[in-house]
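These notes concern the structure reproduced below.
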Amino acid sequence: MKKHNFNAGPSILPREVIEKTAEAVLNFNGIGLSILEISHRTKDFEAVIDEAAVLFKELLDIPSGYSVLFLGGGASLQFCMVPYNLMEKKAAYLNTGTWASKALKEARAFGEAVEVASSKEANFNFIPKNYTVPQDADYFHITTNNTIFGTEIHKDLDSPVTLVADMSSDIFSRPVDVSKYGLIYGGAQKNLAPAGVTFVIVKDEILGKVSRHIPTMLDYRTHIAENSMFNTPPVLPIYSAMETLRWLKSIGGLKEMEKRNIAKAKLLYDEIDRNRLFVGTAKEEDRSLMNICFVMKPEYQALEGDFLKFAQSNGMVGLKGHRSVGGFRASTYNALPIESVQALVDCMKEFEKAN
């Protein structure tokens, strides 16, 4: 039976990326050695990390004056690296979910971290609007997509101060105007690569402004100077990232990817709205294209477990919603084909007929 992978992360990757990564594990570049056992200082691997950075810049149309870094520690380490490097006295945060809340908590260890707005009172089911970013803040931090609650900021915001974005779960899902951001970061394990590497896109001129001492490993300038190889980088995930970026380029880049993602999301949201058994949890204008969250309507709540078992028996994997929301979560990341979304829609229709 074909499996349809809706896992929220680590999540689906393009099949050709998995196959090429597996090949590199066995015999990298035909050299007779695994990529797992060679020095990161070899010309073969230096070519990989260089190409990955070039493809980042090409696909996202990153302006000059920005560096692309491949680091360890996950996006969670960036929650402290960002204020370590950028906050002198004050920072502003938009609180739209679990990961935004964690980033805000870390920032408060470095100075005044202001919560400009929050949707916590509504269980983060919308993106706040009509807030004011203090102009004396060193930066304004947003989380563009919220995997747990299924909301997303769909446009690049205008900010009166340096804009910082956690794009862990929607990077490369659409074109981005990088020039509006001072720093973009994210874990790779959604749209880019297996878990283990973190990407950072940073505008060089915003660094070196704080008066505090920054530990060497936590200073972005360290990694810029050493081409992300100050210490041994996560070699295998970087290789997979390069292959994913090659795949994205081969299908037509981010405009084509955005078109596909909109079509997938529309197909599933239309069924959620039509089906008498289900209801979406996020406000319609803020619905995520990456993580589609829905629950049984109250009168059909008793059927939740039955539907999950039915979907699993038809090859659906990773549909169970996060405990904060319950219900179901279909993660429709870049590599998920629309055929998998159609298979889920067919399941929903069949379950509706039977109940």
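The values are calculated or read from the model by the stated rules, or taken from the named source; none is laboratory data. No experiment lies behind these values; they were computed from the predicted model shown. Using ideal geometry, Cβ is built from the backbone for each residue, glycine included, and neighbour counts are taken over all protein chains shown. Areas reflect the complete protein model, heavy atoms only, side chains present, ligands, DNA and RNA absent. Shrake-Rupley method; radii C 1.70, N 1.55, O 1.52, S 1.80 Å.
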Worksheet item: How many residues does region 180-196 contain that are part of a strand (DSSP E or B) and hydrophobic (A, V, I, L, M, F, W, C)?
Response: 2
Discussion item. Of all residues being closer than 13 Å to residue 150 by Cα and touching a helix residue (DSSP H, G or I) at 6+ places or on another chain (Cβ under 9 Å) in region 323-352, which is surrounded by the fewest Cβ atoms within 10 Å (Cβ to Cβ)? Just the residue, please.
Written reply: 324
Item to complete: Determine whether residue 296 is over 23 Å from the mean Cα position of the chain (by Cα), buried (at least 18 other Cβ atoms within 10 Å of the Cβ) and of a type in the set (A, V, I, L, M).
Response: yes
Item to complete: Can you give me the number of residues within region 243-256 that are of a type outside the set (Phe, Trp, Tyr) and surrounded by fewer than 20 Cβ atoms within 10 Å (Cβ to Cβ)?
Response: 8
Worksheet item: Out of all the residues in region 53-85, which are farther than 24 Å from residue 193 by Cα and open to solvent by 20 Å² or more (accessible area, probe 1.4 Å)?
Response: 64, 65, 84
Item to complete: Name the single residue, out of those in region 124-151 being in contact with an Asp or Glu (Cβ under 6 Å, 6 or more places away or on another chain) and open to solvent by less than 20 Å² (accessible area, probe 1.4 Å), that is nearest to residue 293 (Cα to Cα).
Response: 151
Practice prompt. Could you grab me the full set of residues in region 31-45 that are without any contact (Cβ under 8 Å) to a residue 60 or more places away in the chain and open to solvent by 60 Å² or more (accessible area, probe 1.4 Å)?
Written response: 31, 33, 37, 43
Discussion item. With on the phi > 0 side of the Ramachandran plot and over 16 Å from the mean Cα position of the chain (by Cα) as the only criterion, which of 44, 61, 50, 136 stands out?
Written reply: 61
Response to the item:
Cβ pairs under 6 Å, 6+ apart or interchain, first in region 335-346 and within 22 Å of residue 245 (Cβ to Cβ), second in a loop (DSSP other than H, G, I, E, B) and of a type in the set (Val, Ile, Thr), ordered by first then second residue, are 335/12; 336/12
Worksheet item: If you take the residues in region 299-311 that are of a type in the set (A, V, I, L, M, F, W, C) and open to solvent by 10 Å² or more (accessible area, probe 1.4 Å), which one is farthest from residue 262 (Cα to Cα)?
Response: 302
Response to the item:
Only one of 69, 13, 77 is under 22 Å from the mean Cα position of the chain (by Cα) and either assigned to a strand (DSSP E or B) or among the basic types (Lys, Arg) (or both), namely 69
Worksheet item: For region 170-191, does any single residue satisfy the condition of being in contact with a strand residue (DSSP E or B) (Cβ under 7 Å, 6 or more places away or on another chain), in contact (Cβ under 8 Å) with a residue 24 or more places away in the chain and surrounded by fewer than 17 Cβ atoms within 10 Å (Cβ to Cβ)?
Response: yes
Response to the item:
residue 208 fails exactly one of (1) open to solvent by less than 10 Å² (accessible area, probe 1.4 Å); (2) without any contact (Cβ under 8 Å) to a residue 60 or more places away in the chain, namely (1)
Worksheet item: Tell me, which residue of region 164-215 that is among the aromatic types (Phe, Trp, Tyr) and farther than 19 Å from residue 228 by Cα is nearest to the chain's Cα centre (by Cα)?
Response: 172
Practice prompt. Report, by residue number, each residue of region 219-260 that is out of contact with any helix residue (DSSP H, G or I) (no Cβ under 9 Å at 6 or more places or on another chain) and basic (Lys, Arg).
Written response: 255, 259
